[in-house]
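Please read the structure below before turning to the comments.
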Amino acid sequence: MKRWFMPGLITACCLIAILMVFFSLREKEPSAGTHEAAPSASAGEAPATVDAEAATAIYKSNCLACHGDQLQGGMGPNLTKVGSVMSEADIHKQILNGGGGMPAFKGTLTDDQIATLTAWLAAKK
């Protein structure tokens, strides 16, 4: 009986941790201002709006496992200020094609989802 105690304890702890993460993510709702202006508009163009609520949903279902619930990084790099490090085109290319340990999302996400996520991440400066 003793040989099953530690694996059982570890399994129970993992299940509790997963439940805690799941319920803590459900509690965090996007703030009232769900549309942000993206600062990457070209001269003469009106700034594009970012649907932060949609982008957050896409992020939570596809990126959270590697980049963390607050964009803080983990297995993947920190994304809190990715817009000041990478251009919008580079972010789009990275999401589309992957690379550097990141999987490609070309067949997983639609073009609109990739564009929404790209604009949202590019605004993180």
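One line per residue, one yes/no per condition, for (1) at pLDDT 75 or above; (2) over 20 Å from the mean Cα position of the chain (by Cα):
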| residue | (1), (2) |
| --- | --- |
| 7 | yes, yes |
| 13 | yes, yes |
| 31 | no, no |
| 68 | yes, no |
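In the stretch 76-98, what residues are free of Cβ contacts under 8 Å to residues at least 12 places away in the same chain, surrounded by 14 or more Cβ atoms within 10 Å (Cβ to Cβ) and part of a helix (DSSP H, G or I)? Listed by number, the residues that qualify are 93, 94. Among the residues of the stretch 33-55, the ones that are open to solvent by 100 Å² or more (accessible area, probe 1.4 Å), modelled with pLDDT under 70 and under 19 Å from residue 117 (Cα atoms) come to 1 in all. Scanning the stretch 100-114 turns up one or more residues that are within 13 Å of the chain's Cα centre (by Cα), in contact (Cβ under 8 Å) with a residue 24 or more places away in the chain and assigned to a helix (DSSP H, G or I).
Quick check: anything in the stretch 104-112 closer than 30 Å to residue 17 by Cα, surrounded by 14 or more Cβ atoms within 10 Å (Cβ to Cβ) and of a type outside the set (A, V, I, L, M)? Checked against the condition, which is being closer than 30 Å to residue 17 by Cα, surrounded by 14 or more Cβ atoms within 10 Å (Cβ to Cβ) and of a type outside the set (A, V, I, L, M), the stretch 104-112 yields at least one hit. Filtering 121, 25 for residues that are open to solvent by less than 60 Å² (accessible area, probe 1.4 Å), at pLDDT below 75 and within 16 Å of the chain's Cα centre (by Cα) leaves a single hit, 25.
The values are calculated or read from the model by the stated rules, or taken from the named source; none is laboratory data. Keep in mind that what you see is a predicted model, and the values were worked out from it rather than measured. For neighbour counting, all protein chains shown are included, and Cβ atoms are generated from backbone atoms with ideal geometry for every residue, glycine included. Accessible surface areas use protein heavy atoms only, side chains included; no ligands, DNA or RNA. Shrake-Rupley method; radii C 1.70, N 1.55, O 1.52, S 1.80 Å.
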